[in-house]
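The values are calculated or read from the model by the stated rules, or taken from the named source; none is laboratory data. Source: prediction; values computed, not measured. Every residue, glycine as well, gets a Cβ built from its backbone with ideal geometry; the counts of neighbours run over all protein chains shown. SASA here: full protein model, heavy atoms, side chains in, ligands and nucleic acids out. Shrake-Rupley method; radii C 1.70, N 1.55, O 1.52, S 1.80 Å.
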Amino acid sequence: MSTAVVTLRICRFGNLATLRPHIRSITQASSYLDTRTHSIRPLCCRSPFLAGHASITLTQGLQPIRTITTDRPSWYESVADSTPVCLTEQLLVSVQQMTGLPWWASIMCTTLALRTAITLPLGIYQAIIIAKVEALQKEIAVLARQLRFEISVKAKEKGWTEKTCRFHFKKNLKRIVSELYVRDNCHPFKASLLIWVQLPMWVCLSLALRNLSLGMGHVPLEAGLATGGALWFPDLTLPDSTWIMPVSLGLINLLITEIFALRQLEPSMFQKYVTNFIRGISLVMIPIAATVPSSMSLYWLSSSCVGLAHNLLLRSPRFRSVCRIPPTRSDSETPYKDIAAAFVAKYVK
């Protein structure tokens, strides 16, 4: 049974790409009749996912930007084609063109600028919220003792059972704690604002670099990433075969995790589980980074290095004083010496 094959011509006007259908041939089995030369040629491209259905194919004279099928795109491709990722592509290309830097330097500078301008202020805000919440714990403990005494008096007057006492205690304590959070404007959920901004930014930049590296971007490149590397990664569109960047990425992420874990004076069971989970993610990222284009690995490594620097900066007493971060019981006048000593005591001795 013969099948009509519709080819698509991609016409660019500025940055806008339009697709025009153009009927060129009729296919049968693995060959087609070229209506221009009136000769039978082998079928150049046919989607294996559309077997038995009408398919849209691309002829040899067209350099495809993306594989075009009639199937609904997957969620991953939908995210990769989303507006935020397209805008991120434009940002990366614009920075590289305006600065004139090679792609490897442009990626690192863009990462440093975005994390310093966006995530560092959010990290300071997170530290302020955590410090305020920690400062309220003494007041909450005093109010809890008073509430427990009042509940015991009420229980004797009204004959409440132990279950009823616990119910009223938890209900009133929750109300008191909420009022304290409102009074000091330090609800713990606000401390999670950093992750809700940093994670989408990380995803958008990663997918934008992936699109540009694979030639699937929405923005034309004057200087491609294939020649924008340096040292052992001259081609940013290929994975790092030496595994230097993937392994470095894993080590930096583990170091950030350990610094965070060493700061916890009395970690809860939940905090231990979270720390171990992050350690596992750091190790899993090593083989993943070894299979993606070097541009993505370079971004991930740069982002982790900037994150490590920001974490150490937020430990500085002088910097915390300038940012007006309230003092906590874990603060130290010599934080870097304390981190080094704790690290040696835990892993070396």
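One line per residue, one yes/no per condition, for (1) open to solvent by less than 40 Å² (accessible area, probe 1.4 Å); (2) modelled with pLDDT of 85 or more; (3) farther than 30 Å from residue 228 by Cβ; (4) not in a helix (DSSP H, G or I):
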{"position": "267", "(1), (2), (3), (4)": "no, no, yes, yes"}
{"position": "291", "(1), (2), (3), (4)": "no, yes, no, yes"}
{"position": "311", "(1), (2), (3), (4)": "no, yes, no, no"}
{"position": "324", "(1), (2), (3), (4)": "no, yes, yes, yes"}
{"position": "331", "(1), (2), (3), (4)": "no, no, yes, yes"}
- Item | the stretch 139-160, residues that are out of contact with any helix residue (DSSP H, G or I) (no Cβ under 8 Å at 6 or more places or on another chain) and of a type outside the set (Gly, Ala, Ser) | 142, 145, 146, 149, 150, 153, 156, 157, 158
- Note on the structure: Over the stretch 113-129, the set of residues farther than 12 Å from residue 193 by Cβ, of a type in the set (A, V, I, L, M) and open to solvent by 30 Å² or more (accessible area, probe 1.4 Å) is 113, 114, 117
- Identify all residues within the stretch 130-146 that are surrounded by 13 or more Cβ atoms within 10 Å (Cβ to Cβ) and more than 18 Å from residue 171 (Cα to Cα); write none if there are none. 130, 131, 132, 133, 134, 135, 136
- Which members of the stretch 96-112 meet the condition of being surrounded by fewer than 16 Cβ atoms within 10 Å (Cβ to Cβ), at pLDDT below 90 and in a helix (DSSP H, G or I)? 97, 98, 99
- Task: Would you confirm whether any residue within the stretch 253-271 is more than 27 Å from residue 233 (Cβ to Cβ) and of a type in the set (Ser, Thr, Tyr)?
- Result: yes
- When you go through (1) in contact (Cβ under 8 Å) with a residue 60 or more places away in the chain; (2) assigned to a helix (DSSP H, G or I) one by one for residue 216, which number turns out not to apply? (2)
- Message: Taking the criterion of being modelled with pLDDT under 90 and either of a type in the set (Asp, Glu) or within 15 Å of residue 292 (Cβ to Cβ) (or both), would at least one residue in the stretch 249-264 satisfy it?
- Response: yes
- Query: What pairs can you find where one residue is in the stretch 167-192 and polar (S, T, N, Q), the other is surrounded by 11 or more Cβ atoms within 10 Å (Cβ to Cβ), and their Cβ atoms are less than 6 Å apart, with a gap of 6+ or different chains?
  - Reply: 172/147
- Go through the stretch 204-229 residue by residue and tally those that are open to solvent by 50 Å² or more (accessible area, probe 1.4 Å) and modelled with pLDDT of 90 or more. 0
